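For reference, the structure is listed below as structure tokens.
What follows draws every value from the coordinates through simple rules; no lab data is involved. Since the structure is predicted, the reported quantities are computational estimates derived from the model, not experimental observations.
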Amino acid sequence: LPRSEPTPEGSPPRAPLHPNPLFSPSPPGFLISKCCFPIFKAKGGKAKRVRTIFTSEQLARLEQEFARQQYMVGTERCLLASSLHLTEEQVKVWFQNRRIKWRKQSLEQQQAKLAKMGLATPQR
């Protein structure tokens, strides 16, 4: 489970430690943003968020919750994020992306059914 490195009082938090030694300690230039996403300061000074890599356990639980309900908000999202050692923002974005994937899959299934019946509609 990720944990944060201890930091002296008043210094910015460092990137979380990762159970895999290849991911810890963080390379120079990495910081934690206020919403706990690792960010990397590029040469141009723009901060870029590093893509979150979910564990198989986290993905299984997120998929389980998505099957139960497609929208996760408020206290439920907070509790889910906490139980998975993720931020609420990470859970929110995962659900947004999963809904997009679900809509795309649903549209493809509908088009496949129509095509079987000879009623295919042109794709957008």
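Working from the Cα coordinates of the range 56-116, the gyration tensor eigenvalues give, after taking √(5λ), semi-axes of 28, 10, 9 Å in decreasing order.
Straight-line cross-link reach from residue 43 at under 23 Å between alpha-carbon atoms covers these lysines, not counting any fewer than eight positions away in the same chain: 34. 3J(HN,Hα) along the range 92-101: 4, 5, 4, 5, 4, 5, 5, 5, 4, 4 Hz, from the Karplus curve 6.51 cos²θ - 1.76 cosθ + 1.60 with θ = phi - 60°, whole Hz, x for Gly and Pro.
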